[in-house]
1. What length, rounded to one decimal in nm, is gained on full extension from W145 through to E877, with 0.36 nm per residue of separation minus their alpha-carbon distance?
2. Using the basic label-point model (7 angstrom from Cα toward the beta carbon), what is the Q77 to R100 distance in nanometres?
3. What does the charge add up to near N747, with Lys and Arg as +1, Asp and Glu as -1, over the other residues with Cβ less than 12 Å from its Cβ?
4. For an R0 of 45 angstrom, estimate the FRET efficiency from the Cβ-Cβ distance between E556 and H252 and round to the nearest 0.05.
5. Roughly how many nanometres apart are two label points built 7 Å out from the Cα toward the Cβ at H350 and D691?
6. Can you give the local net charge around P243? Use residues other than it whose beta-carbon is closer than 11 angstrom to its beta-carbon, Lys and Arg +1, Asp and Glu -1.
7. Run a plain Debye calculation on the chain (Cα atoms as equal point scatterers, no solvent) and give log10 I(q)/I(0) at q = 0.08 Å⁻¹, rounded to two decimals, same order as the q list.
8. Decide, for the stretch 446-569, between rounded, prolate and oblate: order the square roots of the alpha carbon gyration tensor eigenvalues as a ≥ b ≥ c, take rounded if a/c falls under 1.5, and otherwise choose prolate if a/b is larger than b/c, else oblate.
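Just so it is clear, none of the values below were taken in a lab; they were calculated from the coordinates. The structure displayed is predicted, hence computed values, not measured ones. Reconstructed Cβ throughout: ideal geometry from the backbone, glycine too, with neighbour counts over all protein chains shown.
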Amino acid sequence: MAHDLPKAYDPTAIEDHWAEYWVREKLFEQPTPTGAEDAAPQFSILLPPPNVTGRLHMGHMLNQTEMDILTRWRRMQGRRALWLPGTDHAGIATQMMVERQLAAERTSREKLGRDAFVERVWEWKRHYGGAILDQMKRLGASVDWSREYFTMDARLSVAVREAFVRLYEDGLIYRGAYIVNWCPRCQTAISDLEVVYDEHKGHLWEIRYPVIDDAGKDTGEYLTIATTRPETMLGDVAVAVHPEDERYTLLHGKKLRLPLMNREIPVITDEWVSREFGTGAVKVTPAHDPNDFALGERHHLPSINVMDTTAHINENGGPYKGLDRYVARKRIVADLEERGLLAAVKDHVHNVGHCDRCKTVVEPRLSTQWFVKIQPLAEKAIAAVKPDANGNKAIRFVPEMYEKTYLNWMENIHDWCISRQLWWGHRIPAWHCAACHKITVARQDPHRCAHCGFRGITQETDVLDTWFSSGLLPVSVFGWPNVTAETRADFETFYPTSLLVTGFDILFFWVARMIMLGCWFSRDVPMLDGSPRELKDSVPFREVYIHALVRDANREKMSKTKGNVIDPIEIVGQYGTDAVRFTLASMASPGTDIAFNVARTEGYRAFANKIWNAARFIFMNLDRAAEAGITIDRSVLGAMPSVDSAAPLEARWIVAELHSAAAKVNESLENYRFDEAASAIYQFFWGSFCDWYLEIVKLRLGFDNPASENSTRAALATLVQVFECALRLLSPFMPFLTEELWHAVYNSDLPAKSIALRGYPTGDIAQIDSHARNQMVYLTDLIVETRAYRKDKGVPEREAVELYVVGLGGHGQAGHPHESADSLISENEIVIKKLAKVSAITETLLDDPSYEHLSWRPTRLTDIAIGYEKPLDVAAERERLTKEIAKLEKAAASAEKQLGNPAFLGKAPAHVVEGLRKQEMDNRLLLEKARIALASLAPEG
Ligand SMILES: [Zn+2]
Ligand SMILES: [Zn+2]
């Protein structure tokens, strides 16, 4: 046997094999162009780098399925396709992971020391990091593994350092004391985006601050303030009221005694204060609240930090020193109450920020951090998305609504806090001088202060925000800042990348920062012709496709607490990667969340199985043909099929269907309509190819009859050619199944190492023979209707029936669009006979009385009837008719009575009477028919 395909479709067996083959054969590597290649347009796409600590979840699976479909499709279209993979060092997440390990070993990062700890993280990374990439390999992602990066690699670290130094030199990075979101657990500043807010039922405490006179004596008056965090009062430096709030006019310029701390603080006025909130008087704690900080700056107030980095009260908190913030809160409230200074405690619902990583309540805290001055970076990033004078956009968002979200955020952006108090990450390349206290920022580690030359300098302990390095990826992966003669072609060819596929959750974290940094730094690399890089070519990507969420079958968000998380690897183990990919694709369209239902995956596994069986059928026939000495011309394989008008209907039709499906798939993918593309392929492969074409083509194969050798050969050639094409059409969606079957089609005489390296089918409108498509609609409808008719009549499945059709004499029947029913039926007689189980087809004329006894049914083509009468049970029929007659007689009597009643006729509206009369007439006709039928039955007994 020439074709060796196992009987059963087993995805695990074939998928492992091909996944390994694709990596081993380096099939998807895209080397740096040398200039000698053809000028094929490029398609480049960056994998959003998963955390090195990550495991594949359903969101990744969707994201990667979409990217892989698009990359495989573009590659097959002949583009120079590059999908570039890598992982992110994920500062906080990775540090937490290793810290947990250390805790289990009863040690800690502090005990280990910085260098040993960082070495320990590297060790962890070497052992466990990148598991997610192994999962991707198993799932067949067609990425270029030779270009795999890690954001802490030396090459990418050079880019991070250069970017920092350049921004610092340009005056766009500064260091200063500001209020940041501080996580007391992670011991680091976190960005606004890393804070998640929950509604919290708390309290509003109203506290009396005694008013004092110039001598510092209590006047007996109080000013009552309201706060949600009483413990911060230890750091109060003033109380603010609105200047026009008449309740407090008399207190302007007065002093208060801060309770518990006995500190004198002023009453200040500021328009920022809301008269409606609480009592209209607010305490000012610049070191622990961003608004208070701004207020403090405006009024030149000092800042008193009363908490340490673990949110315990520090030495500035007087008697509360050493207490946890919440313990201190309780104690302070109790002490105030005891002194009669607690005016009221009111229930109050407000939003409380939590650390996204560890869920600890974030403490706004004054600390010295590094910031990126956001202008003019943001300005460029806005211009890149807004339409220019000609209405062109350098970056297009799909769905378009995200453009507004992006612009709105970018237009209200604050300076970016880029320092993190972690040990794992890119350490900030800045050195502090012990002599002049100035800062030296340098590309190479310095040995002395750049300002005074003193040797006593120490490096900044903070590291950079992880998004600072991932924001640089689009330029750094292509060699920036060291774009040399060799790497230049990479940059020229693949930058800007064509597309970014990502989730909404990292639109600001990552997408926005890539746009800012990409637009800023890519200007270093001029265009190939030496001209400066304009904005439209300095963007990191030309399109951003924001994919939807994968939810569970009931449209609920997946969450660990709800226990409805679907593990993609588990589902893949059950149904195969191809079926899972197809499920996701079949539901993916811009802006629509996916309700993942395993029942669908089961269905697509059956789809794969159907194709497998089709392949086995085809190969079996090819083998039989070869035995009979019939071989087909294999040189046509790989091209889009075309057939001449003399070919049998099913051949002309399937070729038309293939071209139509291919056109639809290409068009749908251009618009990110994965769902429509998947549906077009599914309909074609299952509906047209398997259900009809294979069933018909079977009948054209005659291996034992030398007279039909040519038609057999032609039928086989079209069959194989269409099948091979359909495999390529399906390949980006089900890469494993199609690779396996495509290799079997070529049977070791391969034109390429993989189906993924062959051309993608294009639909040629000229090849869409609409006449053949119409004819096939008539033919299949005739067959479907005959089958249904047989069923209604209770014809046993094995029994063939006579089929009567109203002949048209070649002139068409009124009301039927088709004018050559006779030839359609006669040319496809064998098809109708086999597929509808018909023994003979008899043509009758319209109104021929000898066929009047048949009950005719309409089809799209012509009316049909079948010559099958169930052997009649005379007794049962007599009983049925007798009952029918009794019923009709009763109805007739009732109608007669009503219609003979003058009172009724006088009152009833005309249309009611009319309706009743018509009903009565119909009844009488049916009664007549039933009586005749009863009389015609053989006499009783
Ligand atoms: Zn935290
Ligand atoms: Zn110095």
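1. Working: separation 732, 0.36 × 732 = 263.52 nm, distance 7.72 nm.
The span from W145 to E877 would gain 255.8 nm if fully extended.
2. 4.3 nm
3. Details: positive: R634; negative: D4, D623, E724, D749.
Within the 12 Å Cβ shell, the charges total -3.
4. 0.20
5. Distance between the two pseudo-spin positions: 6.3 nm.
6. Values: positive: R275; negative: E244, D245, E246, D270, E271.
That works out to -4.
7. So the normalised log intensities work out to -0.91.
8. Numbers: a/c = 3.14, a/b = 1.41, b/c = 2.22.
Oblate shape, in that a/c is at least 1.5 and b/c is the bigger or equal ratio.
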